[in-house]
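Reviewing the structure listed below.
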């Protein structure tokens, strides 16, 4: 895997794009102004593209677990965790 780890996790949404001429996939930041990574395998690109959302979902899960027992954010936490995992796995949430 050839990875040009640029940018940072706060760039919120990353996208995956096939690059037929280069024989692989790029992961770009939200406005496609920066290439985050170039990889040969589609599943690697999906996982990298989902990284910011996975981090956000895991942070929410951690906050929920550390909560004092109220259930206010539980629905959103489950939805965001499912959506991030679906993106990583290449399926629909």
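Values quoted throughout were computed directly from the atomic coordinates according to the rules given, and no laboratory measurement underlies them. Please read these numbers as outputs of a predicted model, since none were measured by experiment. Glycine also receives a Cβ, built like all others from the backbone with ideal geometry; neighbour counts cover every protein chain displayed.
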Rounded FRET efficiency, nearest 0.05, which uses the C-beta distance separating residue 43 from residue 20 and R0 of 22 Å: 0.80
Rounded to the nearest Å, the spacing of the alpha-carbon centers of the range 74-93 and the range 11-41 is 21
Just to be sure I understand the curve: with the Debye formula and one point per C-alpha of the range 9-88, what is log10 I(q)/I(0) at q = 0.22 Å⁻¹? -0.92
Highest to lowest packing among 33-46, 13-26, scored as the average C-beta count within 10 Å: 33-46, 13-26
I'd like to compare 79-88, 54-63: which one has the highest average count of other Cβ atoms within 10 Å, and what's the full order after that? 79-88, 54-63
Just subtract the alpha-carbon distance of residue 13 and residue 63 from 0.36 nm times their residue separation and send over the number in nm, one decimal. 15.9 nm
